[in-house]
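Below: the structure, in C-alpha cells.
The values are calculated or read from the model by the stated rules, or taken from the named source; none is laboratory data. What you see is a predicted model; the values in this text were computed from it and never measured. Positions of Cβ are backbone-derived with ideal geometry, glycine not excepted, and every protein chain shown enters the neighbour counts.
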Amino acid sequence: MTGPGGAIAADVRAGRRTARDVLEDHLGRIEGREAEIHAFNRVLADEARSAAGEVDRAVAAGQDPGPLAGVPVALKDNLCTRGIPTTCSSRILDGWLPPYDATVVSQLRRAGAVIVGKTNLDEFAMGSSTENSAFGPTRNPHDLSRVPGGSSGGSAASVAAGFSALALGSDTGGSIRQPAALCGVVGVKPTYGLVSRYGLVAFASSLDQIGPFATTVADAALLLDAISGHDAMDSTSLPGEVPSAAAGLDQGVEGLSIGLISELMNADGMEPDVLARCRQAADALTAAGAKVDEVSVPAVAFGVTAYYLIAPAEASSNLARYDGVRYGLRVPGTDITAMYGATRSAGFGAEVKRRIMLGTYALSAGYYDAYYGKAQRVRTLIVRDFEAAYERFDVLLAPTTPSTAFEIGAKTGDPLAMYLSDVCTIPSNLAGHPAMTVPFGGGDDGLPIGVQVLAPALGETVMFRVAATLERAALGQAGPDRPGETAP
Amino acid sequence: MTAGAVAGEAVGAWETVVGLEVHCELRTETKLFCGCRNAFGEEPNTNICPVCLGLPGSLPVLNERAVEYAMRIGTALHCTVVPSVFHRKNYFYPDMPKDYQISQYDLPINIDGRLELPGGKEVGIVRAHIEEDTGKSTHVGGGGRIHEAAHSLVDYNRAGVPLVEIVSHPDLRGADEAKAYVEELRAILVATGSSDGKMEEGSLRVDANVSVRPAGSQELGTRCEIKNMNSLRSLGRAIEYEVARQIALVESGQPVVQETRHWNEADGQTHSMRSKEEAEDYRYFREPDLVPLEPSAEWVAAVAAALPPLPAERRGRVAAASGLDAGADAVVTVVNLDLDPFVTAVAGVRGNAELAVRRLANEVAASVDQARHLDPDAFCRLIQMEDRGELSTAQARTVLKELLAASGSGRGATDPAAIAAGLGFEAMADDALGAAVDEVIAANPAEWARYCEGEDKLAGLFVGQVKRATQGKADPAAVSALLRTRRQSGG
C-alpha cells in the first residue's frame, strides 16, 4: 500500500507533479495550523523552495532525483544541518550553526527529499511529552490540550498534521515510538547501528537511534531504506548487509510465530483500552495466519530502572561539552569555574539538569558498581531474555504506551510518572533491537493507540511484514481521523 | 644485600623509589579519531574539524595506524597485546573539547612488559595504552595559571593527537636510573618509528611518582606525583629535590601527603597542585561511541615481525664487533644517535671497530647532523688510515672533522686521503716509524731495559720521544704497538 510519501515521489519522478507544488501544499498546511501546534523550532521555507526547485530542474533535465524526490521531510532539531541552527530545544546551543550535515541529512538530500523544517523536542531528547523544550511545548494535532508525546513530539505532530509527509526523529528510550503512538502515526526505532548516528546530537550514545515517522508502514519503509547502511563516520554503524524494510511489506504473516510480552501487557498504569487494542491486534494477526502466544520476557520489568541509570550516565558525559568555551551560550563568570556554572545553570532546563546529576552520581567512584555497573548487567539480562524469546517467536508484540496522549501539564510535576510512559519502549533500546509502532484504532477518549512490533537485531524485514499486516487490519477498526488527511 | 645497596642511590638510610608515566605522541599522519593532520608548530586552530573539536553530533573513528604504532611500542617493551576497550575520563578543562578524554582504563592494549636499561637492570612495564591528547592552553597574565589569568588562549591543533602512555612499575631507585630509563625508552620509541621522542617539543612528557622508604624496607612509602619536567635534566633535578623534601619531612616526624606536585624549573622546587582529597573523580565508563579493539593474531604477529632491531640488540651487535661492553657509554651513544651502521661498515671490512666506536661517540656524535650525510666508505677508509698509523690520533680527528663538514655542507673533499694530503699530513710509512722507534730505544738504553723488565709506564716516555722526533706525525697507538713488538722479540 503506497503511502503519501511514496505517491509524491512517484508523481514527481514521473513529472506528474512538481516538487514545488507539493511543497506549497505542505507549507500551506503549516501556515494554517503551526501557530496552534508548534511542531517546528524553525520552518525552512526558503531552503525548502530552493531544494524543491532543484528537484524539479533535475526531473526536467531527465535526471532521477532519487527515491524521495520532492517528498517534504521534517527533521528533529537534534540532527545537524549545515549552516542552519540546530538547537536541541535548548538555550545552551544559542547561536550555534553546525558546520556540517548529519549523515542522514546528506542521505535525504541525495535521495531528493525536501527538508521543510527542524522540529521541536524535549531538550536534548530528554522527556516524553515535548514539554521540556526551551521554546515551549508542541501540542497534539488530535487534541490541542494534549501532549504529542516525546521527545520527538514535533516530528510526530508534523507528520500527523500533514506538515510533512515524513519526518526523522531519534529514539533513546521510546522517543520515536511513544509520540508516534500518541499522534496516530507509524514510528520506527531501527536496530542499533543500522542508521548512522553521525550528526545526531548525542543524548545516550549506546541507546540513541535515528528513525522514521510516516503515516503508513510503506512510507516508513521507504524512509528507513533510504537512511540505512554502514557509515564510516560512525564506529558503531553495522557493517555488512542491510535488511530491507520494503521487502516485508507484501509478504503477510502466514506461518509466523508472534509472542505477546506478558510483562508489558501487565505493566504498571496500563490502561484497559490500550490493552484491548493490543489483544485485538493479536487476534487480527492470528486471523491473518500467524500463531500468537503469550511469552514472558522477565528482565524487561527492570528496563525503566536500568535505563534511568545508563541513559543519564552517558548523558552526563555527552553534555559536558556545553561549557561556554567554544560555542553556544556563555554567561560570564569571575573565573573559569564560575563561567562553567553560570553558563550551564542558565543554559540547561530542569529535566536536563536532573539527568546530568543522576548520571554523574551513578558514575561516581564508590557508586559505579551499585548503579551503572548493575544497570549494565540488567541490560545483559534483557538481551538474554529477548534472545530466549526469539528462539520460539519470530517477532514480539506489545502496547507502545500505557495510555493515550495525556493532558499538557499532567505529568510535569512528577518525573517518575513521566518516565513510566516509556515502560514498553525502553527494553528495545537496551537490547539494541528494532521496534516500531503502528496505529491501531483509538481509545475510549477517541485518541490514537499504537501497537508495538518488536524484532530481533536486523529483523526489520519480518518486523515490517507484521506491521503492514496490522495496518491493513487497523483499517477495519474504528479510529481517529488523521488530521492531516482532512486538509486539502 | 638490601635493595638500596644494589641500586647505590640510597640517600643515607633512605631508599628512593620512582615509577614513571611517560606520554608519547605518535607520529601518525592524522589524529587519533579524525582525518586532521597531526603536525607540530602550525598556525593555531588550523588542523581542526567537528570531531577533534568535539562538536555536537560528531563521533570518533579510531585511526588504525595509531593502533599499529601502539602495538609496536608494546611489542618493543615485551608487553602482551590484548583485546582492549576505550573509556571516557571525565573532567572539565577548556583545552579538552568534549570535557572528557577518550583513553584506556582497566583494559589497555599492552600489558605486562619490561624494559632493560643498558646497564642490565630490568624495569617492569605495567601497561602502555592509547589515548587522545588535549589542546594547548596559554594563560595570559596571572603567573600563567588559569584561575589568575587575564585571559586564556586555546590551540586545538593538538586536540586528538594520538598518545601512548607508558606506565612503569616503581622499580627505579633514583634520579640517574629514572633518566637512564627515559633515555632508553626514548631510544626504543624512536627505533620503532612510532614517535620522534622530542621532549623539548612536548612529544615526550614524563610524570614521576616519587617516594622514599627506609633502606631495606619492602613497603612503599607515600608517593607524590611530580609533573611539568620538560627535559631529562629537570626530571633528575625534580626527583632529587623531591627526595630531599620527603626525607626532611619524614626525619622531622611529619607525614608525606599523597598529592600531585608541580616542578618549577625557575626556583628548582616542587609545589603542591592538589591533594588526594581534592583529586578529580574521573567517572570512567566505557566509551559507547567506539567498539572494542581486538587486533587479530595475524596483525599482532605482523607488527612484531616488522619491528626493526631495537637499541639493546643493536648495542649487542656493536659490542660484539668492537669488544666493548654493551652498556659502555660510547656504545649507548653510538646506538642512540643511530651511528651503529658505521660500526657495522667498519667491521664489514675487518677494520678496527673499537676505534670506530671511539670516533663515532666523540667526533661524529658532536656533529651528528652532518653525520647524516657521511659516506660509510669514507669513514671506513679514515679508520683504516688511523689504525694503520698513516695518521696520528690528532691528525685523524682533524681529517674526520673536515670530512664531516664537507659531507654536511656538500662542499669540499669527501675522500679522507685527499683531505689528509691537503692538510699536509704525510702518511708515516711503517718502516719510517720503525726507524724512529729504534733510534729512541738506542738513545735510552737504561729506560728500555727497565721497560723490558715490565715497567710498562715507561712506554709513555718512548711514545713522547718518538712523537717529538717525528714532529707529531707518529700515531701513539702505532708506536705503542711497535714498542710491544720490540720487547717481545727481545729488544
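Can we say B:GLN471 is of a type in the set (S, T, N, Q), part of a helix (DSSP H, G or I) and either outside the structural domain of B:GLU363 (by TED's automatic domain parsing) or buried (at least 20 other Cβ atoms within 10 Å of the Cβ) (or both)?
no
So in segment A:328-343, with the set limited to residues that are free of Cβ contacts under 8 Å to residues at least 40 places away in the same chain and at the interface with chain B (Cβ under 9 Å from one of its Cβ atoms), which one is nearest to B:PRO50 (Cα to Cα)? First the steps, then the outcome.
First, pick out the residues of segment A:328-343 that are free of Cβ contacts under 8 Å to residues at least 40 places away in the same chain: A:330-342.
From what is left, the residues that are at the interface with chain B (Cβ under 9 Å from one of its Cβ atoms) are A:335-337, A:340.
Details: A:ASP335: 27, A:ILE336: 23, A:THR337: 25, A:TYR340: 21 Å.
Among residues in segment A:328-343 that are free of Cβ contacts under 8 Å to residues at least 40 places away in the same chain and at the interface with chain B (Cβ under 9 Å from one of its Cβ atoms), the one nearest to B:PRO50 (Cα to Cα) is A:TYR340.
Pick from segment B:334-374 the residues that are surrounded by fewer than 21 Cβ atoms within 10 Å (Cβ to Cβ), more than 17 Å from B:PRO311 (Cα to Cα) and among the β-branched types (Val, Ile, Thr): which of them is modelled with the highest pLDDT? The selected residue is B:VAL349.
State whether the residues of segment A:197-211 include one that is over 12 Å from the mean Cα position of the chain (by Cα) and away from chain B (no Cβ under 14 Å). No, segment A:197-211 contains no residue that is over 12 Å from the mean Cα position of the chain (by Cα) and away from chain B (no Cβ under 14 Å).
Scanning segment A:11-57 for residues that are closer than 15 Å to A:ALA74 by Cα and in a loop (DSSP other than H, G, I, E, B) yields A:HIS38, A:ALA39, A:LEU44. Sort out which residues of segment B:118-152 are at pLDDT below 95, aliphatic (A, V, I, L, M) and surrounded by 15 or more Cβ atoms within 10 Å (Cβ to Cβ), and write them in order of number. The answer is B:ILE146, B:ALA149. Taken over segment A:31-50, the criterion of being among the aliphatic types (A, V, I, L, M) and touching a strand residue (DSSP E or B) at 6+ places or on another chain (Cβ under 6 Å) is satisfied by A:ALA39, A:VAL43, A:LEU44, A:ALA48.
Taking segment A:430-475 as the range and being β-branched (Val, Ile, Thr), over 18 Å from A:ASP171 (Cβ atoms) and crowded, with 24+ Cβ neighbours inside 10 Å as the test, the residues that pass are A:ILE449, A:VAL466, A:THR469. Taking the criterion of being within 28 Å of A:ASP56 (Cα to Cα), in a loop (DSSP other than H, G, I, E, B) and β-branched (Val, Ile, Thr), the only residue of segment A:85-112 that qualifies is A:THR86.
The number of residues in segment A:185-238 being under 30 Å from A:LEU358 (Cβ atoms) and among the acidic types (Asp, Glu) comes to 2.
Which members of segment A:61-84 meet the condition of being outside any loop (DSSP other than H, G, I, E, B) and either in contact (Cβ under 8 Å) with a residue 60 or more places away in the chain or within 30 Å of A:THR2 (Cα to Cα) (or both)? Reasoning before the result, please.
As a first pass, look at segment A:61-84 and keep what is outside any loop (DSSP other than H, G, I, E, B): A:72-76, A:79, A:81, A:84.
A:PRO72, A:VAL73, A:ALA74, A:LEU75, A:LYS76, A:LEU79, A:THR81 - these are the residues of segment A:61-84 that are outside any loop (DSSP other than H, G, I, E, B) and either in contact (Cβ under 8 Å) with a residue 60 or more places away in the chain or within 30 Å of A:THR2 (Cα to Cα) (or both).
Could you check, for segment A:140-150, whether at least one of its residues is in contact with a His (Cβ under 7 Å, 6 or more places away or on another chain), β-branched (Val, Ile, Thr) and farther than 26 Å from A:ALA52 by Cα?
Initially, segment A:140-150 is screened for residues in contact with a His (Cβ under 7 Å, 6 or more places away or on another chain), giving none.
The answer is no; no qualifying residue exists.
Among the residues making up segment B:272-299, those that are of a type outside the set (Gly, Ala, Ser), more than 30 Å from A:GLN376 (Cα to Cα) and modelled with pLDDT under 95 are B:MET273, B:ARG274.
Each residue in segment B:85-99 was checked for being closer than 19 Å to B:ARG286 by Cβ, more than 7 Å from chain A (Cβ to nearest Cβ), in a loop (DSSP other than H, G, I, E, B) and not β-branched (Val, Ile, Thr), and 3 of them qualify.
Sort out which residues of segment B:363-380 are in a helix (DSSP H, G or I), touching a residue at least 12 places away in the same chain (Cβ under 8 Å) and over 17 Å from B:ALA417 (Cβ atoms), and write them in order of number. Scanning segment B:363-380 gives B:GLU363, B:VAL364, B:ALA365, B:VAL368, B:ASP369, B:GLN370, B:ALA371. When residues in segment B:55-64 are screened for being at the interface with another protein chain (Cβ under 7 Å from one of its Cβ atoms) and among the small types (Gly, Ala, Ser), 1 of them pass.
Residues in segment B:71-105 that are among the aromatic types (Phe, Trp, Tyr) and touching a Leu at 6+ places or on another chain (Cβ under 9 Å): how many? Outline the logic, then answer.
Of all residues in segment B:71-105, those among the aromatic types (Phe, Trp, Tyr) come to B:86, B:91-93, B:100, B:105.
After this cut, where a residue has to be touching a Leu at 6+ places or on another chain (Cβ under 9 Å) as well, the list is B:86.
The total comes to 1.
Would it be correct to say that B:GLN246 is more than 14 Å from chain A (Cβ to nearest Cβ) and within 29 Å of B:ILE102 (Cβ to Cβ)? No: the conditions fail for B:GLN246.
Suppose we filter B:PRO83, B:PRO60, B:PRO94 for residues that are within 17 Å of B:GLY35 (Cα to Cα) and over 29 Å from the mean Cα position of the chain (by Cα); which single one remains? Before you say what the answer is, go through the steps one by one.
Values: B:PRO83 fails: within 17 Å of B:GLY35 (Cα to Cα); B:PRO94 fails: within 17 Å of B:GLY35 (Cα to Cα).
After ruling out the rest, the residue left standing is B:PRO60.
Considering B:ALA449, B:ALA413, which residue is surrounded by fewer than 20 Cβ atoms within 10 Å (Cβ to Cβ), part of a helix (DSSP H, G or I) and of a type in the set (A, V, I, L, M)?
Numbers: B:ALA413 fails: part of a helix (DSSP H, G or I).
B:ALA449 is the lone residue from the list that is surrounded by fewer than 20 Cβ atoms within 10 Å (Cβ to Cβ), part of a helix (DSSP H, G or I) and of a type in the set (A, V, I, L, M).
Within segment A:356-376, residues that are more than 14 Å from A:ASN318 (Cβ to Cβ) and at the interface with another protein chain (Cβ under 9 Å from one of its Cβ atoms) reach no partner that is charged (D, E, K, R) and buried (at least 20 other Cβ atoms within 10 Å of the Cβ) with beta carbons closer than 6 Å at six or more positions or on different chains.
List, please: which pairs have Cβ atoms under 9 Å, are six or more places apart or on different chains, and start with a residue in segment A:39-54 that is at pLDDT below 95 and of a type in the set (Lys, Arg) and end with one that is part of a strand (DSSP E or B) and buried (at least 17 other Cβ atoms within 10 Å of the Cβ)? Cβ pairs passing all conditions: none. Restricted to segment A:305-327, and to residues there that are without any contact (Cβ under 8 Å) to a residue 24 or more places away in the chain and either facing chain B (nearest Cβ under 7 Å) or touching a strand residue (DSSP E or B) at 6+ places or on another chain (Cβ under 9 Å) (or both), the residue that is nearest to B:ASP281 (Cα to Cα) is A:ALA320.
Residues in segment B:272-300 that are of a type in the set (A, V, I, L, M, F, W, C), farther than 30 Å from A:GLY193 by Cβ and either away from chain A (no Cβ under 14 Å) or in contact with a Lys or Arg (Cβ under 6 Å, 6 or more places away or on another chain) (or both): how many? Quick ask: steps written out before the conclusion?
Going residue by residue through segment B:272-300, those that are of a type in the set (A, V, I, L, M, F, W, C) are B:273, B:279, B:285, B:290-291, B:293, B:297, B:299-300.
Imposing the further condition that a residue be farther than 30 Å from A:GLY193 by Cβ reduces the set to B:273, B:279.
Next, from what is left, pick out any that are either away from chain A (no Cβ under 14 Å) or in contact with a Lys or Arg (Cβ under 6 Å, 6 or more places away or on another chain) (or both): B:273.
Qualifying residue count for the region: 1.
Here is a yes/no grid of residues against (1) in contact with an Asp or Glu (Cβ under 6 Å, 6 or more places away or on another chain); (2) under 17 Å from A:GLY83 (Cα atoms); (3) of a type in the set (Gly, Ala, Ser):
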site	(1), (2), (3)
A:GLY28	no, no, yes
A:HIS38	no, no, no
A:ASN41	yes, yes, no
A:LEU44	no, yes, no
A:GLU47	no, yes, no
A:ALA52	no, no, yes
A:ASP56	no, no, no
A:ALA60	no, no, yes
A:ASP64	no, no, no
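Among the conditions (1) assigned to a strand (DSSP E or B); (2) more than 14 Å from chain A (Cβ to nearest Cβ), B:SER137 misses just one, which is (2). Give B:CYS52, B:CYS79 a once-over and let me know the one that is more than 14 Å from every other protein chain (Cβ to nearest Cβ) and modelled with pLDDT of 95 or more. Step by step, each of B:CYS52, B:CYS79 is checked, and only B:CYS79 is more than 14 Å from every other protein chain (Cβ to nearest Cβ) and modelled with pLDDT of 95 or more. Within segment A:317-326, the only residue that satisfies the criterion of being farther than 14 Å from A:THR172 by Cβ and in a helix (DSSP H, G or I) is A:SER317.
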